[in-house]
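What follows is a single structure, written as structure tokens, with notes after it.
The values are calculated or read from the model by the stated rules, or taken from the named source; none is laboratory data. Keep in mind that what you see is a predicted model, and the values were worked out from it rather than measured. Cβ atoms come from the backbone with ideal geometry, glycine included; neighbour counts cover every protein chain shown. Calculation scope for accessible area: heavy atoms of the full protein, side chains included, ligands and nucleic acids excluded. Shrake-Rupley method; radii C 1.70, N 1.55, O 1.52, S 1.80 Å.
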Amino acid sequence: MPTERERLLQHLAPTSNSPIGLEISRAEGVYMFDPSGRRYLDLIAGISVSNVGHRHPKVVEAIKTQADKHLHLMVYGEYVQSPQIRFANELTEVLPPNLNSVYFVNSGSEAVEGAIKLARKATARKGLICFENAYHGSSNGALSLMGNEEFKHPFYPLLPETSTIRHNNFDDLKAITKETAAVFLETIQGEAGIRVPSADFMQALRKQCNDTGALLVLDEIQCGFGRTGKMFAFEHFDIVPDILLLAKGMGGGMPIGAFIASKELMSTLSHNPILGHITTFGGHPVSCAAGSACLSVIRENDLAQEAERKGQLFRKLLTNNEVREIRGKGLMLAVQLRDSEQLFAAIDRCIENGIVTDWFLFCDSAMRIAPPLTISEEEIAEACRIINESI
Ligand code: PMP
């Protein structure tokens with residue numbers, strides 16, 4: 001009989017020849033457990049998804065309560081479904097006044113796709129600008145905004161009239177013109193290996209968008225919901241986007257995403273043609289119920305503030321001399337090592353010692369540190385001890 005691990009690649013389409021292949025049968029808080037009961041401390045939270053930990057009791061309760069009422073009823077936007085309305089209201093409460101209209105989708109990539117369509121229709125312009133080493137998703141539109149040729153190359157032709165500029169580079173802002181519909185930027189770049197722009201750059205970017213009428217779209221799919229020490233990472237830079245993209249940590253472990261803009265901007269999607277942007281499952285009632293519970297856990301427990309404090313603790317305790325640099329904010333960190341060989345050996349040893357971490361799509365020499373924001377100080381100390389030893 002083949003093991004579950006061997007069966008992984010039998011009928012499940014692969015994404016690489018070397019999946020991590022950990023077999024996890026249960027997860028709780030910051031821990032995941034294999035079938036023998038061995039536990040792993042999760043330092044990546046399913047790539048910034050489980051911000052409130054795995055199976056947070058309030059999230060699980062909300063899921064069960066909603067499942068007892070109804071599951072899918074109708075395509076997005078037609079019926080009054082209270083979990084959607086409640087969650088949209090709660091999201092707008094924690095956002096600036098211009099971000100008051102929430103379009104729910106199922107994933108990060110779909111949020112990007114919706115924003116591309118919204119920006120082009122609302123501005124009647126075509127140009128889209130993204131940044132070097134940007135990752136916005138794998139669907140065709142999102143891939144068109146990827147700042148890495150190697151990953152895009154086999155999939156051309158992608159969307160026309162897209163261009164890539166350098167991150168944190170003031171000169172390149174000149175590429176944003178009156179032809180530009182929108183500029184897409186991860187507020188803090190994730191797969192680039194965690195790159196934090198300067199506040200001056202973010203303000204100059206906002207100003208260039210204002211001056212040219214280009215819409216500023218901030219992708220907080222990875223950096224939102226408390227991860228960087230603020231509820232949303234744009235709060236670090238004293239700017240507000242025209243369109244905000246959310247997913248991942250939004251549903252407390254359930255699939256959901258959103259693009260959020262002003263009512264005025266968003267209304268352009270509802271006419272000429274009507275139903276120009278629709279989704280069957282977007283804003284699934286169970287995901288919205290989970291999202292509401294997740295947001296209240298983040299707010300009630302000040303998890304954003306906790307992320308800031310706990311990120312500092314990681315920085316203090318990761319003392320191995322081989323660590324070249326620690327980049328990031330809050331609990332969105334990249335630990336820069338010498339090269340990929342050193343990193344992969346360290347990651348293997350961490351996993352052998354019960355700590356799950358990984359690398360970044362466009363930076364395979366830095367270790368990802370993005371645990372649930374609920375991780376305790378003792379757990380951080382234990383993780384850092386093992387990482388220091390593993391390096
Ligand atoms: N944007 C960013 C910044 C991301 O990190 C990701 C996923 N890693 C996406 C978009 C795409 O999200 P999804 O995988 O849910 O489509």
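You will find that of Val75, Val52, Val59, the residue that is open to solvent by less than 30 Å² (accessible area, probe 1.4 Å), touching a residue at least 12 places away in the same chain (Cβ under 8 Å) and touching a Ser or Thr at 6+ places or on another chain (Cβ under 9 Å) is Val52 and no other. Within the range 133-148, residues that are assigned by TED's automatic domain parsing to the domain that holds Phe259 have Cβ atoms under 6 Å from residues that are near the ligand (Cβ under 7 Å from one of its atoms) and of a type in the set (A, V, I, L, M, F, W, C) in these pairs: His136/Val112; His136/Ala142; Gly137/Val112; Ala142/Val112, counting only partners at least 6 apart in sequence or on another chain.
What residue, of Ala13, Ala27, is in contact (Cβ under 8 Å) with a residue 12 or more places away in the chain and more than 17 Å from Glu382 (Cα to Cα)? Can you show your working first?
Numbers: Ala13 fails: in contact (Cβ under 8 Å) with a residue 12 or more places away in the chain.
The conditions single out Ala27.
Among the residues of the range 229-247, is there at least one that is outside the structural domain of Arg86 (by TED's automatic domain parsing), at pLDDT 95 or above and among the small types (Gly, Ala, Ser)? Within the range 229-247, none of the residues are outside the structural domain of Arg86 (by TED's automatic domain parsing), at pLDDT 95 or above and among the small types (Gly, Ala, Ser). From the list Arg120, Arg26, Arg5, the one residue that fits, being basic (Lys, Arg) and either buried (at least 17 other Cβ atoms within 10 Å of the Cβ) or within 16 Å of the ligand (Cβ to nearest atom) (or both), is Arg120.
Looking only at the range 279-303, residues that are over 17 Å from Gly29 (Cα atoms), assigned to a loop (DSSP other than H, G, I, E, B) and open to solvent by 10 Å² or more (accessible area, probe 1.4 Å) come to 4 in all. Of the residues making up the range 172-183, at least one is crowded, with 20+ Cβ neighbours inside 10 Å and within 16 Å of the ligand (Cβ to nearest atom). Kindly indicate whether any position in the range 95-104 is assigned by TED's automatic domain parsing to the domain that holds Phe234, surrounded by fewer than 16 Cβ atoms within 10 Å (Cβ to Cβ) and not charged (D, E, K, R). Checked the range 95-104: at least one residue is assigned by TED's automatic domain parsing to the domain that holds Phe234, surrounded by fewer than 16 Cβ atoms within 10 Å (Cβ to Cβ) and not charged (D, E, K, R).
For the range 225-256, enumerate the residues that are of a type outside the set (A, V, I, L, M, F, W, C) and closer than 23 Å to His54 by Cα. Lay out the reasoning, then the answer.
Here is the first cut: in the range 225-256, the ones of a type outside the set (A, V, I, L, M, F, W, C) are 226-230, 235-236, 238, 241-242, 248-249, 251-253, 255.
Hits for the range 225-256 are Gly226, Arg227, Thr228, Gly229, Lys230, Lys248, Gly249, Gly251, Gly252, Gly253, Pro255.
When each of Ile194, Ile176 is tested for being under 24 Å from Arg368 (Cβ atoms), in the same structural domain as His136 (by TED's automatic domain parsing) and in contact with a Leu (Cβ under 9 Å, 6 or more places away or on another chain), the lone residue that passes is Ile194. Taken over the range 1-48, the criterion of being in a helix (DSSP H, G or I) and of a type outside the set (Val, Ile, Thr) is satisfied by Glu4, Arg5, Glu6, Arg7, Leu8, Leu9, Gln10, His11, Ala45, Gly46, Ser48. Against the definition (touching a residue at least 40 places away in the same chain (Cβ under 8 Å), buried (at least 24 other Cβ atoms within 10 Å of the Cβ), away from the ligand (no atom under 13 Å from the Cβ) and not in a loop (DSSP other than H, G, I, E, B)), how does Phe259 come out, yes or no? When the stated conditions are applied, Phe259 does not pass them.
For first residues located in the range 366-391 and in contact (Cβ under 8 Å) with a residue 12 or more places away in the chain, partners that are assigned to a loop (DSSP other than H, G, I, E, B) and among the basic types (Lys, Arg) and lie 6+ apart or on another chain with Cβ distances below 9 Å form the pairs Ala366/Arg324; Ala370/Arg227; Leu373/Arg227.
Per-residue answers, yes or no, for (1) in contact with a Phe, Trp or Tyr (Cβ under 7 Å, 6 or more places away or on another chain); (2) surrounded by 24 or more Cβ atoms within 10 Å (Cβ to Cβ):
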{"position": "Arg227", "(1), (2)": "no, yes"}
{"position": "Lys230", "(1), (2)": "no, no"}
{"position": "Ala233", "(1), (2)": "no, yes"}
{"position": "Leu245", "(1), (2)": "yes, yes"}
{"position": "Lys248", "(1), (2)": "no, yes"}
{"position": "Pro255", "(1), (2)": "no, no"}
{"position": "Ser270", "(1), (2)": "no, no"}
{"position": "His277", "(1), (2)": "no, no"}
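Any residue at all in the range 42-56 that is over 27 Å from Ile260 (Cα atoms) and assigned by TED's automatic domain parsing to the domain that holds Gly354? So far as the range 42-56 goes, yes, one or more of its residues are over 27 Å from Ile260 (Cα atoms) and assigned by TED's automatic domain parsing to the domain that holds Gly354.
Select, from Ser292, Ser267, Ser296, the only residue that is away from the ligand (no atom under 16 Å from the Cβ) and under 30 Å from Gln203 (Cβ atoms).
On the way: Ser292 fails: under 30 Å from Gln203 (Cβ atoms); Ser296 fails: under 30 Å from Gln203 (Cβ atoms).
The match here is Ser267.
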